[in-house]
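The values are calculated or read from the model by the stated rules, or taken from the named source; none is laboratory data. Please read these numbers as outputs of a predicted model, since none were measured by experiment. A quick note on method: Cβ atoms are made from the backbone with ideal geometry, for glycine too, and the neighbour counts reach across all protein chains shown. These accessible areas exclude ligands, DNA and RNA; they are computed on the full protein's heavy atoms, side chains included. Shrake-Rupley method; radii C 1.70, N 1.55, O 1.52, S 1.80 Å.
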Amino acid sequence: MAAAAAEMAVGFMATTTRAAAAAARPASAAAPPQPRRAVAARVLRTSASETVAADLATVGANGALSALSNSEVTADATSQNAVRRKTKIVCTIGPSTNTREMIWKLAETGMNVARMNMSHGDHQSHKKVIDLVKEYNAQNTDGNTIAIMLDTKGPEVRSGDVPEPIMLVEGQEFNFTIKRGVSTEDTVSVNYDDFISDVEAGDILLVDGGMMSLAVKSKTADTVKCEVVDGGELKSRRHLNVRGKSATLPSITEKDWEDIKFGVENGVDFYAVSFVKDAKVIHELKAYLKSANADIHVIPKIESADSIPNLQSIIAASDGAMVARGDLGAELPIEEVPLLQEEIIRTCRSMQKPVIVATNMLESMIDHPTPTRAEVSDIAIAVREAADAIMLSGETAHGKYPLKAVKVMHTVALRTESSLYDPTKAPSLVARPQALLNDDFCKSQLSKMFGSHATMMANTLRTPIIVFTRVGSMAVLLSHYRPSSTIYAFTNEVRVKQRLALYQGVVPILMDFSDDAEETFSRAISSLLDAKYMNEGDYVTLVQSGSKSIWRDESTHHIQVRKVQC
């Protein structure tokens, strides 16, 4: 392939010391030795850090650069980035999809995260899925990375086994008992000994998230006596909720700890923790992971009534959140679920943490090849509310049309995103330029400001963003600002690459970094050209930032715009 070069149109740099922002370093006049795809640069930089923010703000206000017109960039903008989906898709792997062929097809259709539901299957079957996903990641050459999520079972209250489904009829008397192995026409066991203590006369019991409901009339030492409100077919091991209440079981059960240890041994990327009630559970799990030297992020599932008053502290202690709408809508009035979904997404975004919207998104596609129009709207709403990811459960685990379900989710998300991102709209600035002169100005604020400015520049010039990161922090920050184009995050850490697969708009790419910055730039651009993520003549915005900069000892923040050409 012919050698290529990236011609820098405009660059800005600011370097901070411990005390305050210092003067920006001038560009070197001499070009370094040229690698296979050398990166030659013509540099326009500010001479002092005090003018950096003002210059960047002028770029955003004018919508153009003196060295490069907006129309010129727009004409050369790559079509690849216009069609790349930004919202990530989580697919639950089950009997319909746990083969090598299906995992490959799910990944090609749009899966970004493979979820293992520990409520079903055993460690042997889940180990097979983990190995297949790792095999895909090792063999895949198109830049698509699949993260692995282990979802704990949690303290579920379930009815016992029944030989045949029991038909419940409105007005019928029906009982639940803590005696094991009971199954008659009017009485079934539950698996939870404190069930008697947790319910009171007048409570409403929901079966299967509300598919059936029963009103509690009275109770004895071992039996809860009910009247059927909404009937249906009661099958074995159905999930039970008490509306407005959470079970007094611990959030992490003995089975969950065994599953968590299994996840550590097999190097999963995320834990989705069921029925989290407070931040204490998150701190306990994180302490265990630290002691096990396990680099795994914790995503609490917000699905219990008790979690809502503690929402801020739970998310603050965690690495994100999942809106688990099934049990959330069973324990709380269903009309509250859309408002809580919006609040959870807003809270996660304010803390720059990923959020997943889950449950019933394409429920009808478990049995049918096309979705309901309401389900399509549900996906669009989650995308519009800026969720990082949307999730499929039974649709891909045991549904008849798993690939079609992923395709629907992909196309709906893509179409919705096309109506949301206005390339000319810049994010609000996190820090005013004058803050550079303030003694209280800190490195994290400068990172936020540069993340904001990088997004503004990429949006105005309609360019993709290339970021180099060892720990993933700047890629996460850029995702938080939701730039209109793709964020290509280059990292030399496998764990960071895996985790970034969950973040909205981020394409993580594993690459070794050179001691020479220009050689690393060249490698990155070469890999994007080889993968056909961009074309000759495209412009890119390059971002280096953070307290652990790749090429400098001190904290460095650097934005450049370059044109790729042969």
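Could you give me the residue pairs with C-beta distances under 6 Å whose first residue belongs to segment 115-127 and is touching a residue at least 24 places away in the same chain (Cβ under 8 Å), whose second residue is open to solvent by 40 Å² or more (accessible area, probe 1.4 Å) and not hydrophobic (A, V, I, L, M, F, W, C) wherever it lies, and which are 6+ apart or on separate chains?
MET118/LYS153; SER119/LYS153
Return the only residue of ALA489, ALA454, ALA517 being of a type in the set (Gly, Ala, Ser) and either under 21 Å from VAL113 (Cβ atoms) or at pLDDT 95 or above (or both).
Selected residue: ALA489, the only one of ALA489, ALA454, ALA517 that is of a type in the set (Gly, Ala, Ser) and either under 21 Å from VAL113 (Cβ atoms) or at pLDDT 95 or above (or both).
Of the numbered conditions (1) more than 30 Å from MET116 (Cα to Cα); (2) part of a loop (DSSP other than H, G, I, E, B), CYS226 fails exactly one; give the number of that condition.
Looking at each condition in turn, CYS226 falls short on (2).
Sort out which residues of segment 124-175 are in contact with a Cys (Cβ under 9 Å, 6 or more places away or on another chain) and part of a helix (DSSP H, G or I), and write them in order of number.
none
Determine, yes or no, whether PHE195 is at pLDDT 95 or above and of a type in the set (Phe, Trp, Tyr).
So PHE195 does not fit the description; no.
In segment 235-248, what count of residues is obtained for those that are open to solvent by less than 60 Å² (accessible area, probe 1.4 Å) and in contact with a helix residue (DSSP H, G or I) (Cβ under 9 Å, 6 or more places away or on another chain)? If you could, list the steps in order and put the result at the bottom.
Quick first cut of segment 235-248, residues open to solvent by less than 60 Å² (accessible area, probe 1.4 Å) only: 236, 239-242, 244, 246-247.
Adding the requirement that they be in contact with a helix residue (DSSP H, G or I) (Cβ under 9 Å, 6 or more places away or on another chain) leaves 239-242, 244, 246-247.
Qualifying residue count, segment 235-248: 7.
GLY121: open to solvent by 20 Å² or more (accessible area, probe 1.4 Å), within 25 Å of PRO95 (Cβ to Cβ) and part of a loop (DSSP other than H, G, I, E, B), yes or no?
yes
Do the conditions hold for ASP142, that is, is it exposed (fewer than 13 other Cβ atoms within 10 Å of the Cβ) and modelled with pLDDT under 95?
For ASP142, the condition - exposed (fewer than 13 other Cβ atoms within 10 Å of the Cβ) and modelled with pLDDT under 95 - is met.
Please work out if ASP222 is touching a residue at least 24 places away in the same chain (Cβ under 8 Å) and open to solvent by 10 Å² or more (accessible area, probe 1.4 Å).
Working: touching a residue at least 24 places away in the same chain (Cβ under 8 Å): yes; open to solvent by 10 Å² or more (accessible area, probe 1.4 Å): yes.
For ASP222, the condition - touching a residue at least 24 places away in the same chain (Cβ under 8 Å) and open to solvent by 10 Å² or more (accessible area, probe 1.4 Å) - is met.
Just checking, how many residues over segment 86-111 are open to solvent by less than 20 Å² (accessible area, probe 1.4 Å) and within 26 Å of TYR533 (Cβ to Cβ)?
11
Pull up segment 169-212, narrow it to residues that are under 14 Å from GLY231 (Cβ atoms) and free of Cβ contacts under 8 Å to residues at least 24 places away in the same chain, then point me to the one that is least open to solvent (accessible area, probe 1.4 Å).
ASP186
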